Amino acid sequence: MEKYLSKAVKFGAVLAFGLATSNAFAVDACNEDMGHTGNGSNVSGNQVGSIGGTPWGFEQWYQGGSATMTYYSNGTFKANWNNSNDYLTRVGYQYNGNGIDHKTKHFTVDYKYTKTGSAQYGYIGVYGWTKNPETEYYVVDDWFSKPNEQYIGEKFGEITVDGAKYTIHAFLRQQEPSKSGTSTFVQFFSVRETPRQCGHIDISAHFKKWDELFTGQNQQLRGSKGGGSAQLKFGNVTEVMLMTEAGGGATGSVDYTYFNMSDNGEASPVGGGESAQSSTSGDAGAGQGAGQGAGQGAGQGAGQGMGGFDMGNFDWSSFGQGGGQGAGQGGGQGGFSFGDFDWSSFGQGGGMGGFNFGGDQGAGQGAGQGGGNSDFSNFDWGGTGANQGSDTPAPTTTTPVATNPAITPADNGGFAALPSEIKAVNTSKTYKVFNSTGRYLGTIQANAGTSLSDALFAKFGKGGIYMLRSGSKTVSVKVAH
């Protein structure tokens, strides 16, 4: 019994660390305090430009009245306008020429802002243009006055993502200002049913849905000058930006105090609501968890005795690819319920550092009774150093896996830096940067051959342990400056 309890305790410690890590690196724009960084750069008149040291650019455009915009080195920005017929302020990715195929990237943005003022119309969210064909598009999370079909066109479909339902519309702008001058072009809209002022947008989820709905068919549309027939197709994106638009004699202001846009983000679940947080329970407890990322659903279970963890359908996709569905029940010694986890993010072959939940009867289902069947003796602890089938208790830390380094707990700030050989990158990447407690700090752009420690020191100006995340992979880098 004692050896089983020891294994359960140590496994529980590793599991608890995995939970803490997953939560620590989930960006929460609504609760994080990023704020403006560096000296602001003021913009007057209609201007387009780049934000030095970032992959992003800015643009201000308006007709009538007066306006100013200020952007900062971390991508946050603010603006105010007075008596404008149409005003747009935005920050994000800009692409020259014919744009890019959006399917080669995965765009996401996390944001928080406040606004004042009023307008006859106004859209707040994601904005951009495409070429071949030329279209204008919006993912609308908030507004000054709620959009209606008179100005955004009839409904073509809907998508549920990032915690809410969005309705999808198309509208024809006829001989109106455009990127090419004055032209006739289609506008695409995804409009959130409930407005919000902060959160996460999986931009590419909307692009994918538009591709499904708009395949090049000709359709009669409402329009700015009576409407007409148009081809419905989403082209190559020339910009992907976080934007506020206000018009119709509009006066107001906006202040984005949190901004983080990525072209290498992770997919949100489509078709379900925002995922619930995982939970664990103590002795004779029960836990429920819902996957975040590629998996959907919830797992339920009850455990008696040590731990009582129920992870029925937790999706670890914040660390890797994929998700699982399923529910498990755990009883007897240990009381762990693992349903149908996808542990692939922690190492090759699945598992945290290579766990394999096979072997003894009930192992992997958590249904063991008494001492023997809830034992971890037939688990494959892979990278932890224990032999498969061994009764030796697994160590409480994991060894980094080259293909997807795991984060190792340590006394200093909760993490240990990874080996020096992974501190330089082979290809250019944008990394989200967190401190050792999981607080989001901003982003760095690392070019091929760049030392990550040098890039971190150049951006933040001090040594320490930083956590870097790109796509599904998280690594730590010690800066010794």
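For trypsin sites (Lys or Arg not before Pro), no site in segment 84-129 is both called loop by DSSP and has at most 11 other Cβ atoms within 10 Å. Here is the P(r) of segment 85-211: all C-alpha pair distances, binned every 10 Å from 0, give 11, 45, 38, 6 in whole percents. Of all the C-alpha pairs in segment 180-257, what % are more than 15 Å from each other? Tail of the P(r) past 15 Å holds 71 percent of the pairs.
Just add up the charged neighbours of THR135: K/R +1, D/E -1, any other residue whose Cβ is under 11 Å from the Cβ of THR135.
Working: positive: LYS131, ARG173, LYS179, LYS233; negative: GLU134, GLU136.
Residues near THR135 contribute +2 overall.
For the cross-link pairs LYS429/LYS462; LYS103/LYS146; LYS179/LYS209; LYS432/LYS462, the ones whose C-alpha atoms lie over 27 Å apart are LYS103/LYS146.
Can you give the net charge of the other residues whose Cβ lies under 11 Å from the Cβ of VAL191, counting K and R as +1 and D and E as -1? Don't skip to the end; give the middle numbers.
Values: positive: LYS146, LYS155, LYS165, ARG192; negative: ASP141, ASP142, GLU149, GLU158, GLU193.
Charge balance near VAL191 sits at -1.
If you take all other residues with their beta carbon under 10 Å from the beta carbon of ASP211, and give Lys and Arg +1 and Asp and Glu -1, the sum is +3.
Here, each number is a calculation from the coordinates, and none is a lab measurement. This structure is a prediction, so every number in the text was calculated from the model and none was measured. Cβ atoms come from the backbone with ideal geometry, glycine included; neighbour counts cover every protein chain shown.
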